[in-house]
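Please treat every number below as a calculation from the coordinates, not as lab data. A quick note: this is a predicted structure, and the numbers were derived from the prediction, not measured. Here Cβ is always computed from backbone atoms with ideal geometry, including for glycine, and neighbour counts include all displayed protein chains.
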Amino acid sequence: MTEGEKTRLIAWSNELRAVHGRLREALRVTQAAAKVGESTEPPARELLLFCHGFCTALTGHHEGEDRELFPAIAAAHPELGPTLRKLEQDHSMIAHLIAALRAATERGLPPEKLEGHLEGIAAIMESHFRYEERELLTVLETLALDADPSDVLGPL
């Protein structure tokens, strides 16, 4: 294996860490916007934009994993089937939480209600990311997947 091939293989684990970092930051910015917007009703336009951007980014990340990454891992490591199913279940749960946040944002609920939605997403998302990183980073360091990172991990 050449050094370039090894770098590309290890890059998948680096890509996942980087995407998770960007999503964590997007959530922090969105939560900060909810706090700043406490005096306005309906929520400030910035909060609507942050919520929409964060929700779109997180959804795109999970859809890319379900569509591209998890099938590649399952093919190379069938023993990880139960782990991948749990991660997919997390994706489904997070999608429901995101749908509820979007609906709350569109209805113009007060910021403290939106903060509650964001806190719920934050708790599940962080637990999910830690589990995913613990279970998959080593696998990603050896995964031979020739694909565009934005297709696999979302357009971030």
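Work out how much length residue 22 to residue 131 would gain on full extension: take 0.36 nm times their residue separation and subtract the Cα-Cα distance, in nm to one decimal.
Roughly 37.5 nm would be gained on extension.
The trypsin sites (Lys or Arg not before Pro) of the range 57-156 that meet both conditions, a loop assignment by DSSP and at most 11 other Cβ atoms within 10 Å of the site Cβ, are 107. Compute the Kirkwood hydrodynamic radius of the range 3-142, taking the inverse of the mean of 1/r over all pairs of distinct Cα atoms, and give it in Å to one decimal. Result for the range 3-142, one decimal place: 16.0 Å.
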